[in-house]
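The values are calculated or read from the model by the stated rules, or taken from the named source; none is laboratory data. The structure displayed is predicted, hence computed values, not measured ones. Positions of Cβ are backbone-derived with ideal geometry, glycine not excepted, and every protein chain shown enters the neighbour counts.
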Amino acid sequence: MSESLRVWFLASEVAPFAKTGGLADVAGALPSALKKLGVDVRVGLPFYRMVRDGGFATRMIRERLKVPLGEKTLVGDVLETATEGGVPVYLFDLEDIFDQPELYGTPEGDYADNLERFAYFCRAALLFAKEAGLHFDVVHCHDWQTGLIPAYLKTLYREDPALSHVASVFTVHNVGYQGLFPADKLAACGLPATEFGPEGIEYWGKISLLKAGIVYADAITTVSPMYSREIQTPEFGLGMDGTLKRRSADLYGILNGADYSIWNPATDRHIRANYSLGDMKGKAECKSDLIHEVGLDQRLAGRPVLGIISRLAAQKGHDLLARIAEHVVRLDAGLVILGAGEEKYQTLLSELGQKYPENMAVMIRFDEPLAHRIMAGADMLLVPSRYEPCGLTQIYALRYGTVPIVRATGGLDDTIEQFDPKSGEGTGFKFADHEAGAFLEEIKEAVKVYDDKTSWKKLVKNGMRADFSWEESAGKYVLLYEKVAKRALPIC
């Protein structure tokens, strides 16, 4: 069925057009993998200022699209562009709400009209598909920003001939982001008042757009098998575990893939020297270049350098990192940190970097080219997350011969196999308890293996052989699309 399967792929961020995190990487790479499998896939995205200023070639394909929003009717445009892989991308433009400096908010907080912004996007995407006669079989939507789409299909468009048989798949990338809004904004959602209840979009007296996606979608996916199980428990479900458990028969864990056209040391244009499993000489050159660029002591060329590329937040385990950073320095190791996030961790880690400038370099910013150079130049990558739906950096690290040290949770546990020096099998190091001592002990174990050059070489090559390309995961999505599309077919 994949040759005739038509999928409307909707997300609030899609690389390279607009990005704040891993969602954009997934939404940028998965459609191309689906297209290679014969799926007619088209992507929808808000036309943010970031997209407008990105220099992408666009053309206007629909002017003055009328979209009901509460008591108002908003009028916007639709433009078209395409990914490098030739997947059509439709950009939904409404200057009053999308012409903002960031996607979701500023450091001071989220934009006050976020519900209206994404309700408009959801409604506009469905109305445009209907008017343009695109006739999709499945709408695949992502995270709370698109959670209203399954709800609209099951309520407003339940009897609509053009949309009534469209199935929906809703992917939860992180259950911690729940799209919570005051109940008095219900009218802006456009849903009947009867849908505001425990079995609908109501969540402890508020509207939850994440819950809307979970409740109304024909199938729910998460981004790793382990995370699909974890979020059905109180510890990891963050209040959504009961709702997810009720939908467990329709809940699937499909591991995210890596886009090796971007993250590949053999072709990476951001790094000093390219290298591969068959020719590793460039790895040492990349390490020397990184040490020089971030200002660490040159003696660290012969010692382990540990990298961190992450949003700086408690969820990412930076409370643990702050507690053990000085101990890592005492191992005569280097620590290179790139990221931005919570002010607490930005300040704490920056102060540590100033205290140990020969061993620690802390860059408080998002810097994609530097992220590639850290990935290539570091010996190890630290990912001590409290929880991690999938994680992509540890997957990228494997291909770069950079050994991951991770907390055994979610996708981190699914993708990294503990190294056994005796058998020579495994791809990295894992610790179970979210505790600073356990994290430090695993780093010490990794440094011990690093000092055994034979074991280290074996470990690095194990990781570089691992293959997390999108092809297998995209195939699983195709099977799921076919399953929900058949379920949604009208009974003749």
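Observations, loosely collected:
- From the options T194, T146, T155, residue that is of a type in the set (S, T, N, Q), touching a helix residue (DSSP H, G or I) at 6+ places or on another chain (Cβ under 8 Å) and more than 28 Å from R229 (Cβ to Cβ): T155
- Of all residues in segment 326-347, exactly one satisfies the criterion of being surrounded by 19 or more Cβ atoms within 10 Å (Cβ to Cβ), aliphatic (A, V, I, L, M) and farther than 11 Å from L306 by Cβ, namely L338.
- If you check Y400, Y387, Y356 for being within 25 Å of N264 (Cα to Cα) and out of contact with any strand residue (DSSP E or B) (no Cβ under 7 Å at 6 or more places or on another chain), only one passes: Y400.
- Residue selected from segment 248-272 under the condition surrounded by fewer than 16 Cβ atoms within 10 Å (Cβ to Cβ) and of a type in the set (A, V, I, L, M), by the criterion farthest from M363 (Cα to Cα): A249
- Checking R323, R311 one by one, the residue that is touching a residue at least 24 places away in the same chain (Cβ under 8 Å), over 19 Å from the mean Cα position of the chain (by Cα) and surrounded by fewer than 17 Cβ atoms within 10 Å (Cβ to Cβ) is R323 and no other.
- Of the strands (runs of 3 or more DSSP E) lying entirely inside segment 1-77, those containing at least 2 residues that are in contact with an Asp or Glu (Cβ under 6 Å, 6 or more places away or on another chain) span 59-69.
- Test result for R6, under 22 Å from G213 (Cα atoms), over 22 Å from the mean Cα position of the chain (by Cα), surrounded by 14 or more Cβ atoms within 10 Å (Cβ to Cβ) and basic (K, R): yes
- Any chance G237 is at pLDDT 95 or above, of a type in the set (G, A, S) and under 27 Å from N114 (Cα atoms): yes
- Of all residues in segment 466-486 being outside any helix (DSSP H, G or I) and not polar (S, T, N, Q), the one that is nearest to the chain's Cα centre (by Cα): F468
- Lone qualifier among P404, P389 - being part of a loop (DSSP other than H, G, I, E, B), on the phi < 0 side of the Ramachandran plot and under 21 Å from the mean Cα position of the chain (by Cα): P389
- Scanning segment 354-379 for residues that are surrounded by 23 or more Cβ atoms within 10 Å (Cβ to Cβ) and touching a Phe, Trp or Tyr at 6+ places or on another chain (Cβ under 8 Å) gives M375, A376.
- Here is the figure for segment 468-492: residues that are surrounded by fewer than 12 Cβ atoms within 10 Å (Cβ to Cβ) and either of a type in the set (A, V, I, L, M) or modelled with pLDDT of 95 or more (or both) total 2.
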